[in-house]
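Following: one structure in structure tokens, then a few remarks.
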Amino acid sequence: MKTRKLLALVLAIAMIATVFVVPSAAVAPGAACEILGLLEGDGEGVTAEYLAKGTTRAQGLLITLRARGLEDEAKAFTGTDNFADAADVNIDFWGPILAYAYANPDLGWIGDGDGNFRPADLMTGAELAKVMLAVLGYEQGVDFEWADIETFAASKGVTVVEGTATNDDLAASLVEALALETTEGTKLIDAMIADGIVTEEEALEAEVKDDEPVADAV
């Protein structure tokens, strides 16, 4: 009889635990960036095929401008000074964006030192880490040097992927950066919400921002 009562008690506790334990449904980085409007994909959304593609330097530039709320400003830029190899990509679309980067080296896109941007080249993991540091407010030549990029990035919580970066790496790097503090001492996602780049509702849906804590119920 005691054994039956003990078994019934164990089963009852297990049933209660099953009712109240809600599994976490983490949103994948690519899906999170799509919800936030940071990645748009190739016309069919942020698909597995899109995420597997390498990230070109021009594409990385555009998406990091988007993360700063500067995409429209860059597309409407009318400056004529530009990188020497800007015509290596569709100049009608990319010309103003590249010229904007050329006019604003503090954004972290300074080219190769010989006047070229290499817009069609795939980004390296180190280049991706550098622009994420720039998004967080760190500046090459002031806060760190290129030779120390991996050590400095690691000290700030920014991962440096090996080899060239894919769109999946870009998405993961963006999501990682959203949880880090900027040089202003504010989490990047909170700064983006305050600047109107994303909404708090989008951030909660993408699971890149914690909801307000709820008191435990008895």
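Comparison of Glu181, Glu201 shows that the only residue that is under 24 Å from Val27 (Cβ atoms) and more than 17 Å from the chain's Cα centre (by Cα) is Glu201. Looking only at region 22-66, which residues are buried (at least 18 other Cβ atoms within 10 Å of the Cβ), over 23 Å from Gly163 (Cβ atoms) and not β-branched (Val, Ile, Thr)? Within region 22-66, Ala31, Ala32, Glu34, Leu36, Leu65, Arg66 qualify.
Checking the conditions here, which among Gly69, Gly115, Gly37, Gly79 is on the phi > 0 side of the Ramachandran plot and more than 22 Å from the chain's Cα centre (by Cα)?
Working: Gly69 fails: more than 22 Å from the chain's Cα centre (by Cα); Gly37 fails: more than 22 Å from the chain's Cα centre (by Cα); Gly79 fails: on the phi > 0 side of the Ramachandran plot.
Selected residue: Gly115, the only one of Gly69, Gly115, Gly37, Gly79 that is on the phi > 0 side of the Ramachandran plot and more than 22 Å from the chain's Cα centre (by Cα).
Just a yes or no: is a residue in region 111-123 assigned to a helix (DSSP H, G or I) and of a type outside the set (Asp, Glu)?
Narrowing region 111-123 to residues assigned to a helix (DSSP H, G or I): none.
So far as region 111-123 goes, no, none of its residues is assigned to a helix (DSSP H, G or I) and of a type outside the set (Asp, Glu).
Highlighted here are the helices (runs of 4 or more DSSP H) found entirely within region 132-218 that include at least 3 residues which are modelled with pLDDT of 95 or more, farther than 21 Å from Ile35 by Cβ and open to solvent by 50 Å² or more (accessible area, probe 1.4 Å): 149-155. Quick check on Glu127: is it part of a helix (DSSP H, G or I), more than 19 Å from the chain's Cα centre (by Cα) and within 28 Å of Lys209 (Cα to Cα)? Judged against the criteria, Glu127 is not a match.
The values are calculated or read from the model by the stated rules, or taken from the named source; none is laboratory data. Every value quoted in this text rests on a predicted model; they were computed, and no experiment measured them. A quick note on method: Cβ atoms are made from the backbone with ideal geometry, for glycine too, and the neighbour counts reach across all protein chains shown. Accessible surface is based on the protein model in full, side chains and every heavy atom, while ligands, DNA and RNA are left aside. Shrake-Rupley method; radii C 1.70, N 1.55, O 1.52, S 1.80 Å.
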